[in-house]
Amino acid sequence: MTGDQVDTSGPLLFFDTGVGGLSILREAQKLLPDAPIVYAADYAGMPYGMKTEEELSTRIPLLLGRLVERYKPQLVTMACNTASTIALDVVRSVLDIPVVGTVPAVKPASQITKTGVIGLLGTSATIRQPYVDRLADEFASDKKLLRFGAPDLVHSAEAKLRGEIPDPQAIQAAVAGLIEQEHGDEIDTVILACTHFPLVEEELQKYFVQPVQFIDGSQGIARRIAYLTKGTKWPETKHDGVLVTTGELDQMAPYCKKLHEFGLRKLELL
Ligand code: DGL
């Protein structure tokens, strides 16, 4: 495909390490219920939050290149903050279809905080990114942005979607990591800067002593996807969505019930 030709017949492809990107897909499906979906989970590479920038900026474009070749999507959503804050530019430079990224919702958080103290929970890799520094400088320079890396919450969210009880210690530690910082008791807005974290929002809520509002980018991303695919004639017959994993197919069994709620009934290996 070249120039201004855009093939609008393909599915929407969502990409994350595991089921975190379902927090984005959930909002996208509210706006685009008929869109065919391919959900790619890089379980073999999980957790991204503990990998280096070099590893991720090589791995992610390679995987997305293979996925785009195989599924011919019309649009890719990097439903992962870690992947987006590190590799969004390189992915955009190698793919010739629109790529929507997921980056921490610093701007909206800064608009709604009343105390001016915002917490940001992400993976260890995300919170150290210059991308996040730039968002903080641009949109929250007059606010306090307290960051905390909570990689264990990724596993809590994965466990919850397998139908298990997420480890309360991991949840408690993530909250403590924010509220025990200087001014942490003034936090009134918490950015969930990892797509896994909205999946354990209820659990997080319980450990905050003060009332807080959570914010993530999922609704804005869904609106962006709907805007970029405007005019697409989605298939009239509903096809099963695809879950493609770089891990083991057997590993997906405990997730199937949840995946079916999103219409993801076909399991494939990359
Ligand atoms: N869901 C990913 C994110 O938004 C992180 C998961 C992982 O660390 O593998 O950053």
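The values are calculated or read from the model by the stated rules, or taken from the named source; none is laboratory data. Computed from a predicted structure; not experimentally measured. Quick reminder, even Gly has a Cβ in these numbers, built from the backbone with ideal geometry, and neighbours come from all protein chains shown.
Structure above, values below:
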read-out: Selection from region 25-62 of residues that are more than 9 Å from the ligand (Cβ to nearest atom), within 19 Å of L95 (Cβ to Cβ) and not in a strand (DSSP E or B); value: A28, A35, P36, L56, S57, T58, R59, I60, P61, L62
read-out: Every residue from region 191-219 that is within 16 Å of the ligand (Cβ to nearest atom) and more than 16 Å from V103 (Cβ to Cβ); value: L199, V200, E201, L204, F214
read-out: Conditions (1) more than 30 Å from P36 (Cβ to Cβ); (2) within 16 Å of the ligand (Cβ to nearest atom); (3) surrounded by fewer than 20 Cβ atoms within 10 Å (Cβ to Cβ); number of the one not met by L153; value: (3)
read-out: Single residue of region 99-120 satisfying the filter (within 15 Å of Q210 (Cβ to Cβ) and in a strand (DSSP E or B)) that is nearest to the chain's Cα centre (by Cα); value: G119
read-out: Checklist (1) surrounded by fewer than 19 Cβ atoms within 10 Å (Cβ to Cβ); (2) more than 16 Å from the ligand (Cβ to nearest atom) applied to R128, failing item; value: (2)
read-out: Near pairs, Cβ below 9 angstrom, 6+ apart or cross-chain, from region 44-68 (on the phi > 0 side of the Ramachandran plot) to any residue that is away from the ligand (no atom under 13 Å from the Cβ); value: none
read-out: Hits in region 85-128 (condition: touching a residue at least 12 places away in the same chain (Cβ under 8 Å) and acidic (D, E)); value: D96
read-out: Residue check, G21 in contact with a Phe, Trp or Tyr (Cβ under 6 Å, 6 or more places away or on another chain) and buried (at least 22 other Cβ atoms within 10 Å of the Cβ); value: yes
read-out: Residue in region 64-81 that is at pLDDT 95 or above, of a type in the set (D, E, K, R) and farther than 17 Å from L270 by Cα present; value: no
read-out: Subset of region 90-124 [more than 30 Å from K72 (Cβ to Cβ), within 15 Å of the ligand (Cβ to nearest atom) and among the aliphatic types (A, V, I, L, M)]; value: A105, V106, L120, L121
read-out: Search result, residues across region 1-24 that are modelled with pLDDT of 95 or more, small (G, A, S) and either touching a Pro at 6+ places or on another chain (Cβ under 7 Å) or more than 16 Å from the ligand (Cβ to nearest atom) (or both); value: S23
read-out: Helices (runs of 4 or more DSSP H) contained in region 143-227 and holding at least 1 residues touching an Asp or Glu at 6+ places or on another chain (Cβ under 9 Å) and hydroxyl-bearing (S, T, Y); value: 152-161
read-out: In region 131-155, the residues that are closer than 17 Å to G177 by Cα and aromatic (F, W, Y); value: F148
